[in-house]
Amino acid sequence: PILYPQRWVQLGYLASLALLSDWVCFSVAATPGTWDAIFHRNPTSLVDVFLFTNVLFCFLEPAIVKRLGLRKVVVGAAAVMTTGCALRSGLELTTFLPFSNAMPAYTEEIIGTILVGAAQPFFQCTPTLLSAVWFGQNERALATSIAINANQIGIATSFIVGGAMASGAGEGAAEGLNGYFSLITLLSILVTTGAFFQFKEAPPTPPSASAEAMIKAEKARAVYKADGSRDYSNEPNFPSVAWKLLRSKGFIQPLVAFVASIGISNMISTFIESTLHRSGVNSQDQIDLAGAGFQLAIMFGSIVLGSYVDRSKEYKSVTVALLGVSLALLLPLGVAENVNNEIILALIIALGFAVGPVQPINAELAVEVTYPEDENAIVAVQQVAGNLFSALLVPLLLTAQGTKLSTGTQWGDFTGDYVILVIIALAGVSYFTTFDSPLLRTIEDSKANNKSAEN
């Protein structure tokens, strides 16, 4: 099979769009006080609006991608996201540069956030489809890792750039936040324009034997109308596809691991400021750097371990190890009040390296064990479960922060929010150890490789 250089351009655009979408989601994570001072509302409610919208459109995404194709949905969703960013930053079309100098009304912020949340599933659910369509069999986990966890770089950017631009008081707070949101809008416009001209549907030839077999199977299933257009009336809807996947051997274990990983990483990102305050870290610069470091560690770990899994196919042992390490790291974070703040900062970085790679590795694992099912629908199911779980966790952890569990040791009390995260990690790793299913896609590729070697 031929691997085309264009695959890296494809990956670059999908990763950039995912980065921008989560940058919007967590845009005020580093400066919640600024948001509260302007709108007198808790910024975590904005995260919930985003996540619930994301979940809704994850239900719609697989059918839309099947009908319109990868290029149209990615470019179209990018345009929707740009529109949402523009609403959030405020527009004054009477000026040469159409950005206002003041924050728009809260209603516009909500509508803009909903638009970005609606667009994100088309960047979050398509990485395994992109990797299957464009990348070779020993590149897929790496490509998926970069695309799925590019959103973590967006969150890291929100801590670094947001902390620098959106911090302030009085009238300066609104002006700084507006300039920050306008920057996001400008970058979204640039990436969307580039994707319109450069993002393609598929390579001239498939990159692997399993990809070629998928194309043939899809053509065999297709039904066409008299006018030659494809008839989608009898295509299974998302709930029926999801139900079929949930009953497939080996699918539930990677789903549980994926949900545990996304739940833990999203909650650490959302509440990192309160965690650090408990350990005595009150410097905004340190909080911003810790938040950025956590996200960068997720991406770095995903690239390193994604490459290893590509070569070794050790999905199970790597996932068990990562969830086990995550569990161990969460324990001292739960008693942060009695742990040196430098140690807490190091633990947060280490947790990012451990918990983040679980998502892309188990997205690829789910595709492996359910082959030749639709890669896009598989990740859509995982994203629905993961983001719905995260959205429900936000108010739960917010409430649990006020409760403490006595450890009866020198370490003092364990905070309620970390009790919940420890339970999630423990349940995830315990259930995943039951995984025992063949890697059907790898078997298909191996058969083709063996035939080529014989010839």
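The values are calculated or read from the model by the stated rules, or taken from the named source; none is laboratory data. Computed from a predicted structure; not experimentally measured. A quick note on method: Cβ atoms are made from the backbone with ideal geometry, for glycine too, and the neighbour counts reach across all protein chains shown. Accessible surface areas use protein heavy atoms only, side chains included; no ligands, DNA or RNA. Shrake-Rupley method; radii C 1.70, N 1.55, O 1.52, S 1.80 Å.
How far, in degrees from 0 to 90, does helix 440-454 lean away from the longest principal axis of the Cα atoms of the chain, to the nearest 10?
Taking the Cα atoms of the chain, the angle to 440-454 is about 50 degrees.
Can you work out the accessible area per residue across the chain, with the rest of the protein chains kept in place, probe 1.4 Å, in square angstrom?
Ligands and nucleic acids excluded, the result is 40 Å² per residue.
For segment 360-431 and segment 215-254, what is the separation of their C-alpha centers, rounded to whole Å?
For segment 360-431 versus segment 215-254, the Cα centre distance is 29 Å.
Would you please classify the overall shape of segment 251-293 from the alpha carbon gyration tensor, given that a ≥ b ≥ c denote the square roots of the eigenvalues, rounded means a/c under 1.5, and beyond that prolate means a/b larger than b/c while oblate covers the rest?
prolate
For the cross-link pairs Lys225/Lys447; Lys225/Lys451; Lys244/Lys313; Lys225/Lys313, which exceed 32 Å when the distance is taken from alpha carbon to alpha carbon?
Check vs 32 Å cut-off fails for Lys225/Lys447; Lys225/Lys451; Lys225/Lys313.
Would you mind calculating the gained length between Leu68 and Ile215 on full extension (0.36 nm times residue separation, minus the Cα-Cα distance), in nm to one decimal?
Gain in length upon complete extension: 51.3 nm.
Could you check how much of the accessible area of the chain is carbon and sulfur, as a whole percent, using a 1.4 Å probe?
Solvent-exposed carbon and sulfur of the chain make up 64 percent of the total.
Which GluC sites (Glu not before Pro) does segment 140-218 hold that lie in a coil by DSSP with at most 13 other beta carbons within 10 Å?
Working: sites: Glu171, Glu175, Glu201, Glu212, Glu218; in loops: Glu201.
For GluC sites (Glu not before Pro) across segment 140-218 that sit outside H, G, I, E and B with at most 13 neighbouring Cβ atoms in 10 Å, the list reads Glu201.
If R₀ is 45 angstrom, what is the calculated FRET efficiency for the pair Ile2 and Ser283, using the beta carbon separation as r and rounding to 0.05?
E between Ile2 and Ser283, to the nearest 0.05, is 0.30.
For the chain, what is the mean residue ellipticity at 222 nm derived from helices alone (per DSSP H run of n ≥ 4: -39500 (n - 2.57); sum divided by total residues; nearest 500 deg cm²/dmol)?
For the chain, the value works out to -24500 deg cm²/dmol.
Which peptide among 259-265, 180-186 comes first, and what is the full order, when sorted by highest mean count of other Cβ atoms within 10 Å?
Per-residue mean Cβ counts within 10 Å order the peptides as 259-265, 180-186.
About the Cα centre, and with charges only on the beta carbon of Lys, Arg (+1) and Asp, Glu (-1), how big is the dipole of the chain? Nearest 20 debye, please.
1260
If one takes the longest principal axis of the Cα atoms in the chain, at what angle in degrees, from 0 to 90 and to the nearest 10, does the Cα axis of helix 171-198 lie?
10
Grab the Cα-Cα distance for Tyr224 and Lys200, subtract it from 0.36 nm times how many residues apart they are, and report the gain in nm with one decimal.
That pair, Tyr224 and Lys200, stretches by 6.2 nm at full extension.
Given the options Phe196, Asn234, Thr370, identify the residue whose Cα lies farthest towards the positive end of the charge dipole of the chain (+1 on Cβ of Lys, Arg; -1 on Cβ of Asp, Glu).
Asn234
Just how large is the dipole of segment 198-357 about the Cα centre, in debye to the nearest 20, putting +1 at every Lys and Arg Cβ and -1 at every Asp and Glu Cβ? Present the calculation step by step, with values, prior to reporting the outcome.
Values: 13 positive and 13 negative charges, 181 e Å.
It comes to approximately 880 debye.
Just flag the chymotrypsin sites (Phe, Trp or Tyr not before Pro) in segment 203-298 sitting in loop per DSSP whose Cβ has no more than 12 other Cβ atoms within 10 Å. List each step's numbers first, then the result.
Values: sites: Tyr224, Tyr232, Trp243, Phe251, Phe258, Phe271, Phe294; in loops: Tyr232, Phe251, Phe271.
Sites meeting the loop and neighbour criteria: Tyr232.
Report the extension gain between Ala102 and Ile189 in nm, rounded to one decimal, defined as 0.36 nm multiplied by the number of residues separating them, less their alpha carbon distance.
Length difference between fully extended and current span is 29.3 nm.
Give the shape of segment 292-384 as rounded, prolate or oblate, defined through the alpha-carbon gyration tensor: a ≥ b ≥ c are the square roots of its eigenvalues, a/c under 1.5 means rounded, and otherwise the shape is prolate if a/b is larger than b/c and oblate if not.
Prolate shape, in that a/c is at least 1.5 and a/b is the bigger ratio.
Which aspartates and glutamates have a Cα lying under 16 Å from the Cα of Lys316, excluding residues fewer than 8 positions away in the same chain?
Reachable aspartates and glutamates: Glu364, Glu368, Asp436.
Could you size up the charge dipole of segment 99-213 around its Cα centre, putting +1 on the beta carbon of Lys and Arg and -1 on that of Asp and Glu, and report it in debye to the nearest 20?
Here segment 99-213 has a charge dipole of around 280 debye.
What is the angle, in °, between the Cα long axis of helix 140-165 and the longest principal axis of the Cα atoms in the chain? Nearest 10 is fine, range 0 to 90.
For helix 140-165, the angle is close to 20 degrees.
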